[in-house]
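Presented below is the structure to which this report refers.
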């Protein structure tokens, strides 16, 4: 129960941050990607603030604890490989964000502002995830 409650609190804080910063508004996000038009640099400040907060939090947390409060160990990525899956996924994320103005995490709080466009984005994203998993499960051809 504590894990669910802590996840709920973390999600609410994240959603509140998205709402207060205006990043749930796709037009605001798209303006960041338009440096020669209606450029809005506020997304850079939101990202910078998040990076600074996360860097300090990680430094304090990993220096003080060997395991999280509600689990037996930290679950951190172990791979340091930059492969086509990583590069392709990153590119697809960036293109999707640039086209729609929605970041997957920021789209959920945006349901309160624009339910139909946001729901369409989330349904499309879910379909894309399912399609990617299905494609990954297909047998790979072997080349000699």
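Structural remarks
- Among 84, 23, 125: highest mean-square fluctuation, GNM of the chain, C-alpha pairs under 10 Å: 84
- Candidates 64, 107, 19, ranked by Gaussian network fluctuation over the chain, Cα under 10 Å, top entry: 64
- Taking the Cα atoms of the range 2-137, the ratio Rg/Rh between the radius of gyration and the Kirkwood radius comes to 0.99.
- Burial ranking of peptide ranges 55-62, 134-141, 93-100 (average Cβ count within 10 Å, highest at the top): 93-100, 55-62, 134-141
No value in this document is a laboratory result; all are computed from the given coordinates. What you see is a predicted model, and the numbers here were worked out from it, not measured in a lab. Note: ideal-geometry Cβ built from the backbone for every residue, glycine included; neighbour counts use all protein chains shown.
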